[in-house]
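**Student:** Below are the structure tokens for one structure; questions will follow.
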Amino acid sequence: MACTRMKKYTFVITEKPDAAYRIALALDMREKPKKMEEKGVPYYVAERDREIVVVSALGHLYTVAEEKNGRSQYPVFDFKWVPRYIAERGASQVRTWIEAIAKLAKNADVFIDACDYDIEGSIIGYSVLRYACDGKDQMSKRMKYSTLTREELEKSYAEPLPHLDFALIEAGLARHEVDWLFGINLSRALTAAAKDWSGKYTTLSTGRVQGPTLKFVAVREKAIRSFVPTPYWEITAEVKINGKVFEAQYEKEKIETKHEADTILNACENKDGKIERIEVKQFQQPPPPPFDLGTLQSEAYNLFGYTPSRTSKVAQRLYLDALISYPRTSSQKLPPAINYETILKDLSKASQYRSLTARLLAYPELKPREGNREDPAHPAIYPTGDLPARVLEDSERRIWDLVIRRFMAVFSEPALKQSMKTHININGHRFLLNGRRILKEGWMHFYEPYVRSEEMILPPTEEGQTVTVKKMILINKFTKPPPRYNPSTILRKMEETKIGTKATRAETIQTLYDRKYVQGEKLTATDLGLEVLEVMERYCPTVVSIKFTRELEEKMNRIQTNNQKKEKVLAEALETLKPVIEKLKENQKVIGEQLSEAIRKSRTDERTIGACPVCKTGQLTVLYSRKTGKRFVGCTNFFKGLCKTSFPLPQRGVIKPLAKNCRGCGWPTVQVLARGRRPWTICFNPRCPLKEGREKRD
Amino acid sequence: MDYMFQSTVPTERRKGEKGLKCKACSREARENGYCELHMKAYENAIEKYKVWQKAMQISWKEYLSEIVKNPLTGEWAREVAESMIKSGEKQDGTSN
């Protein structure tokens with residue numbers, strides 16, 4: 001064991017166990033590092049110029065906690081950094097981990113922080129070196145790398161930064177501390193208010209980023225729920241050109257009155273059209289920029305339906321397998337130092353990319369198209385050129401392929417497209433026929449399966465040519481409410497408004513789901529979410545203000561560039577927070593009443609399955625028998641003595657009412673989610689035709 | 001059947017010591033007899049009538065029933081329209 005070694009050695013700390021293995025593998029001369037254990041904690045010993053002990057953290061081992069322990073007390077403004085097992089339940093493994101790290105670091109004389117080079121990674125490395133390794137943060141060196149490939153790891157080990165990036169660490173500490181202060185105080189205020197009123201405990205939370213994110217969803221929800229559509233009309237002329245039928249749209253997209261629409265329709269019916277003018281335009285479409293985390297998450301959602309947090313996790317796995325570069329980046333730049341040519345040559349070893357890479361490698365110069373976003377720590381996401389050493393899961397294979405094709409596309413030429421607008425005059429009214437075609441594929445060829453572009457090729461026509469109008473179509477339409485956010489668009493909104501960080505945005509969105517403030521794939525704010533926001537807007541509008549959140553983000557970013565002091569940012573944050581908390585405390589009773597009502601409704605909604613198909617007026621609800629404690633489905637009209645409908649329910653697993661009714665009989669359905677079994681759906685109708693069909697088949 | 005259920009409506013609330021209730025839901029009413037949430041829907045319903053009237057020359061009553069049955073109408077706007085149909089409320093806020 002390393003702790004009993006007499007010889008001095010180098011101690012390397014990484015963020016995750018997979019990274020520790022990769023680094024040890026790259027640094028060991030024979031590529032065979034020894035895997036060892038200390039108190040069950042795995043670590044690696046690599047032999048190089050000297051012995052290197054590589055051990056990993058488990059993500060954050062230390063966290064912010066209140067100075068004095070008092071679980072539901074607020075306000076709390078005094079805090080300290082403590083091992084996670086002290087502050088969080090279920091983190092007991094962290095204690096063993098810290099003890100093992102402390103033991104392994106004891107006889108080391110050189111310390112290297114090899115955690116991911118970003119805010120979170122820097123804090124993980126710093127806190128381990130400072131607290132578990134007895135203040136070694138001041139003497140530690142820093143490995144900086146963007147991929148876990150052997151070449152890059154060897155280089156970053158040979159040429160480490162002489163010390164930790166303390167500005168980045170300060171910025172990270174400030175972010176954690178400010179977020180903790182806001183999160184703990186506001187969440188406790190809401191939770192305590194609801195508990196004091198109703199006597200029941202429900203975890204309610206909000207925070208510096210969570211509040212404004214909920215506000216985006218809630219404002220949209222209110223607009224949708226208050227929406228009143230207005231009518232308008234569209235007119236389409238079906239015209240026959242060279243034997244083919246096309247649909248030409250009336251030049252005014254929305255006709256506001258029925259009278260005007262009827263007048264146009266009457267004037268055009270049974271009349272021929274004449275081509276007045278043909279406008280042809282050619283334009284170039286440059287390749288898309290390389291992926292940063294946000295654009296990768298958006299693209300993966302649009303193409304595969306993956307949530308941002310899923311994409312983030314998949315990309316992290318690909319990074320740990322050294323298949324792609326560090327994904328938590330906001331850069332859209334690809335510096336030449338990554339060596340474009342080598343990557344393409346390496347990728348050509350995979351048959352599916354061979355012909356594409358060969359085309360790019362034949363270019364006299366490889367110059368990527370880059371986007372505007374920059375990240376001082378990492379370049380955009382790119383493939384390392386390494387091929388998978390194991391069979392990738394579907395999601396991993398898709399994201400890897402997407403990153404590779406995007407990488408190839410950025411080196412390619414622009415696509416050349418043509419648009420054609422034909423103006424057709426029908427008895428004095430102008431209709432437009434729009435066509436578009438791709439003249440030269442350019443980058444689209446490299447990005448082909450992921451390109452969303454439809455062609456509409458029009459036949460050759462001449463100005464003055466007469467066309468036959470086959471049919472005039474009048475359609476009555478209505479304006480639509482604004483669309484709900486989806487996980488991808490809400491992420492983009494957070495990026496645009498600069499709230500949160502690339503590492504935490506997906507997690508914030510997930511918290512909104514966990515707290516039941518939003519539901520559904522299209523983010524629908526629940527009544528509870530709307531109430532929480534209303535409370536916040538009424539009693540502490542600053543906290544949910546986008547402007548305040550963004551300004552605070554900017555201040556924290558300035559710490560990173562040594563243009564702002566952490567203490568000043570914390571003091572200013574406290575100055576804002578203190579009166580807010582006071583106001584919440586003063587109004588605790590009113591807030592509690594408002595929130596409790598929403599919680600009660602939310603719990604009722606969770607148990608409501610749908611309209612009772614027997615009495616038609618009651619609701620089928622999950623109820624519990626007083627005698628046996630068992631659950632079953634009953635009609636709410638039972639309490640009025642009107643309906644005795646009831647059905648048994650499985651006693652194990654979670655019952656989730658489904659929004660859709662049974663396709664066989666239209667009765668409401670539930671889904672049962674039980675551990676170790678695939679979820680199954682129950683229709684309560686004993687005479688459901690689907691059940692009868694199944695019985696007959698059996 | 002023997003049910004285990006409990007009242008979740010706080011006693012203070014049931015005593016009815018609060019002010020007027022919203023015409024469309026059980027929340028406390030603010031202006032025009034609507035709560036904060038239904039207020040915007042009410043304003044929209046009043047404002048959009050002008051557009052409907054110009055577009056289709058329909059009466060207030062016809063308009064309200066049109067928006068109630070339109071699937072694009074928001075939940076709160078529909079509740080407001082239904083309450084106005086029920087009470088016979090006109091677009092100027094007066095009743096029949």
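**Student:** What pairs can you find where one residue is in segment A:400-423 and outside the structural domain of residue A:356 (by TED's automatic domain parsing), the other is of a type in the set (S, T, N, Q) and part of a helix (DSSP H, G or I), and their Cβ atoms are less than 6 Å apart, with a gap of 6+ or different chains?
**Tutor:** none
**Student:** Also: Which members of segment B:72-89 meet the condition of being facing chain A (nearest Cβ under 9 Å) and surrounded by fewer than 17 Cβ atoms within 10 Å (Cβ to Cβ)?
**Tutor:** Passing the criteria: B:72, B:75.
**Student:** If a residue has to be under 17 Å from residue A:312 (Cα atoms) and surrounded by fewer than 23 Cβ atoms within 10 Å (Cβ to Cβ) to count, how many in segment A:509-530 make the cut?
**Tutor:** Adding up the residues that qualify gives 2.
**Student:** For segment A:531-544, does any single residue satisfy the condition of being crowded, with 16+ Cβ neighbours inside 10 Å and of a type in the set (S, T, N, Q)?
**Tutor:** The answer is no, given that none of the residues of segment A:531-544 is crowded, with 16+ Cβ neighbours inside 10 Å and of a type in the set (S, T, N, Q).
**Student:** Looking at residue A:633 and the list (1) surrounded by 12 or more Cβ atoms within 10 Å (Cβ to Cβ); (2) in a loop (DSSP other than H, G, I, E, B), which single condition is not satisfied?
**Tutor:** (2)
**Student:** Within segment A:191-219, which residues are buried (at least 23 other Cβ atoms within 10 Å of the Cβ), among the hydrophobic types (A, V, I, L, M, F, W, C) and more than 14 Å from chain B (Cβ to nearest Cβ)?
**Tutor:** Scanning segment A:191-219 gives A:204, A:209, A:214, A:217.
**Student:** Given the conditions (1) of a type in the set (Phe, Trp, Tyr); (2) away from every other protein chain (no Cβ under 12 Å); (3) in contact with a Lys or Arg (Cβ under 6 Å, 6 or more places away or on another chain), which single one is not true for residue A:680?
**Tutor:** Unmet condition: (3).
**Student:** Considering only residues of segment A:102-131 that are more than 33 Å from the chain's Cα centre (by Cα) and part of a helix (DSSP H, G or I), which is farthest from residue A:382 (Cα to Cα)?
**Tutor:** Restricting attention to segment A:102-131, the residues satisfying the condition of being more than 33 Å from the chain's Cα centre (by Cα) are A:102-111.
Filter again for part of a helix (DSSP H, G or I), leaving A:102-105.
Working: A:102: 36, A:103: 38, A:104: 35, A:105: 34 Å.
Residue satisfying both the conditions and the ranking: A:103.
Here's the yes/no breakdown for (1) among the β-branched types (Val, Ile, Thr); (2) surrounded by fewer than 19 Cβ atoms within 10 Å (Cβ to Cβ); (3) in contact with a strand residue (DSSP E or B) (Cβ under 9 Å, 6 or more places away or on another chain):
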site	(1), (2), (3)
A:142	no, no, yes
A:146	no, no, no
A:150	no, yes, no
A:155	no, yes, no
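**Student:** Contact list please: Cβ distance under 6 Å, first residue in segment A:179-200 and over 18 Å from residue A:572 (Cβ atoms), second residue of a type in the set (Asp, Glu), pairs at least six apart or on different chains.
**Tutor:** Correct list of pairs: A:197/A:593.
**Student:** Inside segment A:615-629, can you point out the residues that are in contact with a strand residue (DSSP E or B) (Cβ under 7 Å, 6 or more places away or on another chain), in a loop (DSSP other than H, G, I, E, B) and either more than 9 Å from chain B (Cβ to nearest Cβ) or closer than 11 Å to residue A:646 by Cα (or both)?
**Tutor:** Those that are in contact with a strand residue (DSSP E or B) (Cβ under 7 Å, 6 or more places away or on another chain), in a loop (DSSP other than H, G, I, E, B) and either more than 9 Å from chain B (Cβ to nearest Cβ) or closer than 11 Å to residue A:646 by Cα (or both): A:615, A:618.
**Student:** Of these, A:408, A:420, which one is part of a helix (DSSP H, G or I) and crowded, with 17+ Cβ neighbours inside 10 Å?
**Tutor:** Values: A:420 fails: part of a helix (DSSP H, G or I).
Answer to the selection: A:408.
A quick yes/no check of all residues on (1) under 40 Å from the mean Cα position of the chain (by Cα); (2) without any contact (Cβ under 8 Å) to a residue 12 or more places away in the chain:
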site: A:588; (1), (2): yes, no
site: A:599; (1), (2): yes, no
site: A:615; (1), (2): no, no
site: A:636; (1), (2): yes, no
site: A:642; (1), (2): no, no
site: A:661; (1), (2): yes, no
site: A:667; (1), (2): yes, no
site: A:686; (1), (2): no, yes
site: A:689; (1), (2): no, no
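**Student:** Tell me, which residue of segment A:243-260 that is of a type outside the set (D, E, K, R) and either under 27 Å from residue A:461 (Cβ atoms) or more than 50 Å from the chain's Cα centre (by Cα) (or both) is farthest from the other protein chains (Cβ to nearest Cβ)? Walk me through it before giving the result.
**Tutor:** Keep residues of segment A:243-260 that are of a type outside the set (D, E, K, R), which gives A:243, A:245-246, A:248-250, A:255, A:257, A:259.
With the extra rule that they be either under 27 Å from residue A:461 (Cβ atoms) or more than 50 Å from the chain's Cα centre (by Cα) (or both), the set shrinks to A:243, A:245-246, A:248-250, A:255.
Numbers: A:243: 38, A:245: 30, A:246: 29, A:248: 24, A:249: 19, A:250: 16, A:255: 9 Å.
Filtering first and then ranking leaves A:243.
**Student:** Does segment A:636-659 hold any residues that are outside any loop (DSSP other than H, G, I, E, B) and among the aliphatic types (A, V, I, L, M), and which are they?
**Tutor:** A:654, A:655, A:658, A:659 - these are the residues of segment A:636-659 that are outside any loop (DSSP other than H, G, I, E, B) and among the aliphatic types (A, V, I, L, M).
**Student:** Of all the strands (runs of 3 or more DSSP E) wholly in segment A:226-285, which have at least 3 residues that are in contact with a strand residue (DSSP E or B) (Cβ under 7 Å, 6 or more places away or on another chain) and buried (at least 19 other Cβ atoms within 10 Å of the Cβ)?
**Tutor:** Ranges flagged: A:231-241, A:244-250.
**Student:** How many residues are within 33 Å of the chain's Cα centre (by Cα) and assigned to a strand (DSSP E or B) if we restrict to segment A:430-447?
**Tutor:** 1
**Student:** When segment A:300-329 is examined, which residues are found to be of a type in the set (Gly, Ala, Ser), crowded, with 21+ Cβ neighbours inside 10 Å and over 12 Å from residue A:403 (Cβ atoms)? Write out each step before concluding.
**Tutor:** Restricting attention to segment A:300-329, the residues satisfying the condition of being of a type in the set (Gly, Ala, Ser) are A:300, A:305, A:309, A:312, A:315, A:322, A:325.
Filter once more, so that each one left must be crowded, with 21+ Cβ neighbours inside 10 Å: A:300, A:312, A:315, A:322, A:325.
Scanning segment A:300-329 gives A:312, A:322.
**Student:** So, in segment B:55-71, of the ones that are at the interface with chain A (Cβ under 9 Å from one of its Cβ atoms) and surrounded by 14 or more Cβ atoms within 10 Å (Cβ to Cβ), which residue ends up modelled with the lowest pLDDT?
**Tutor:** Once the filter is applied, the top-ranked residue is B:56.
**Student:** Of the residues in segment A:643-655, how many are within 13 Å of another protein chain (Cβ to nearest Cβ) and hydrophobic (A, V, I, L, M, F, W, C)?
**Tutor:** First, the residues of segment A:643-655 that are within 13 Å of another protein chain (Cβ to nearest Cβ): A:643-648.
Adding the requirement that they be hydrophobic (A, V, I, L, M, F, W, C) leaves A:643, A:647.
The qualifying residues number 2.
**Student:** Of the residues that sit in segment A:61-90 and are among the charged types (D, E, K, R) and surrounded by fewer than 18 Cβ atoms within 10 Å (Cβ to Cβ), which one is nearest to residue A:175 (Cα to Cα)?
**Tutor:** Of the residues in segment A:61-90, the ones among the charged types (D, E, K, R) are A:66-68, A:71, A:78, A:80, A:84, A:88-89.
Then drop every residue that is not surrounded by fewer than 18 Cβ atoms within 10 Å (Cβ to Cβ), which leaves A:67-68, A:71, A:78, A:80, A:88-89.
Working: A:67: 18, A:68: 21, A:71: 22, A:78: 16, A:80: 14, A:88: 19, A:89: 23 Å.
It comes out as A:80.
**Student:** Suppose we filter A:659, A:598, A:611, A:674 for residues that are hydrophobic (A, V, I, L, M, F, W, C), within 11 Å of another protein chain (Cβ to nearest Cβ) and under 28 Å from residue A:516 (Cα atoms); which single one remains?
**Tutor:** Numbers: A:659 fails: within 11 Å of another protein chain (Cβ to nearest Cβ); A:611 fails: within 11 Å of another protein chain (Cβ to nearest Cβ); A:674 fails: within 11 Å of another protein chain (Cβ to nearest Cβ).
Just a single option satisfies the conditions, and that option is A:598.
The values are calculated or read from the model by the stated rules, or taken from the named source; none is laboratory data. Values in this document were obtained by computation on a predicted structure and should not be read as measured data. Glycine also receives a Cβ, built like all others from the backbone with ideal geometry; neighbour counts cover every protein chain displayed.
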